[in-house]
Amino acid sequence: SIPAVQQKLVDFAIEKIKPIVKTEISVDKIQLSLFDHVNLQGVYVESQEGDTLLYAKELDARFHIWSLLRNELTINSIELNGAYVNVSQKTPDDPFNFQFLIDAFASDTTEETSSSSMKIAINDINITDSRIHYNVLSEPETPGLFNPYHISVSNFTSHLKLPSLDVADLQAEILSLSLQENSGLSVKNI
């Protein structure tokens, strides 16, 4: 529970992950509570092009560690504050700029999902004061007009529940959502 030791563990883990993903990753500060809570501040993941892929000012998660004994991962809550997500594609047919992360951690063998696979549920997700950018780099921009190839969302706030992340039974519930898109489109409160 000593902060300096916790940070050393995170730094060690990041140094092991960097060669796998072949890009820059960092966490400014971590606070771990034994068995049920993690708080990360200043989470940074770089794209392979050297741009920011993800930055989160704060990511706080509370979970049931003992649910792992039942082959379940139950996350009580996730609080994401001040996130910046930058997703892009070179052309509409090219992979997303985060595909390298999926590829880095993908299994070499293809296995069908079975009843023995881990069940994952997130009871509560709160996202506040976040920005999301999506760009297809080959497509022209249209300043002042909504363009599905260039979406820039700010003031993104949402409250979600994901009772099941199972591929065969994905369940999601949007409890609230508000955002401002660069073209002037805004959602005040859903």
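Over all directions, average the projected area of the Cα convex hull of the chain and note it in nm². Show your work: numbers first, answer last.
On the way: hull surface 50.0 nm².
Dividing the Cα hull surface by four gives the mean projection, 12.5 nm².
If region 1-40 were replaced by its equivalent ellipsoid, with semi-axes equal to the square roots of 5 times the Cα gyration tensor eigenvalues, what would those be, largest first, whole Å?
Working: eigenvalues 87, 19, 15 Å².
Over the Cα atoms of region 1-40, the ellipsoid semi-axes are 21, 10, 9 Å.
Taking the Cα atoms of region 134-190, report the difference between the largest and smallest coordinate on each principal axis, in whole Å and largest first.
39, 27, 12
Across region 88-104, in residue order, what do the Karplus-derived ³J(HN,Hα) couplings come to in whole Hz, using 6.51 cos²θ - 1.76 cosθ + 1.60 with θ = phi - 60° and x for Gly and Pro?
With coefficients 6.51, -1.76 and 1.60, one gets 8, 9, 5, 9, x, 8, 7, x, 5, 5, 9, 4, 4, 5, 5, 4, 5 Hz.
Among the listed pairs LYS8/LYS188; LYS18/LYS57; LYS22/LYS119, which have their C-alpha atoms separated by more than 31 angstrom in this model? Provide the component values of the computation, followed by the final result.
Working: LYS8/LYS188 42 Å; LYS18/LYS57 20 Å; LYS22/LYS119 29 Å.
The answer is LYS8/LYS188.
Can you pull out the trypsin sites (Lys or Arg not before Pro) in region 122-190 that DSSP calls coil and that have at most 16 other Cβ atoms within 10 Å? Don't jump to the answer; show the numbers that get you there.
Working: sites: ARG131, LYS161, LYS188; in loops: LYS188.
Answer by residue number: LYS188.
Hey, what angle do you get for helix 3-21 against the long axis of the chain, alpha-carbon based, 0 to 90 degrees rounded to 10?
60
Taking +1 at the Cβ of each Lys and Arg and -1 at the Cβ of each Asp and Glu, which of TRP66, THR23, ALA4 sits farthest along the dipole of region 1-74 towards its positive end, judged by Cα position relative to the Cα centre?
TRP66
Please work out the ratio of the alpha-carbon Rg of region 43-85 to 2.2 N^0.38 Å and round it to two decimals. All intermediate terms of the calculation are to be shown ahead of the outcome.
Working: Rg = 14.3 Å, N = 43, 2.2 N^0.38 = 9.2 Å.
That works out to 1.55 for region 43-85.
About its Cα centre, how strong a charge dipole does the chain have in debye, to the nearest 20, once Lys and Arg get +1 and Asp and Glu get -1 at the Cβ? Intermediate results must be reported in sequence, preceding the final value.
Working: 13 positive and 26 negative charges, 108 e Å.
It works out to roughly 520 debye.
Values quoted throughout were computed directly from the atomic coordinates according to the rules given, and no laboratory measurement underlies them. Values in this document were obtained by computation on a predicted structure and should not be read as measured data. Please note: Cβ atoms are built from the backbone with ideal geometry, for glycine as well, and neighbour counts cover all protein chains shown.
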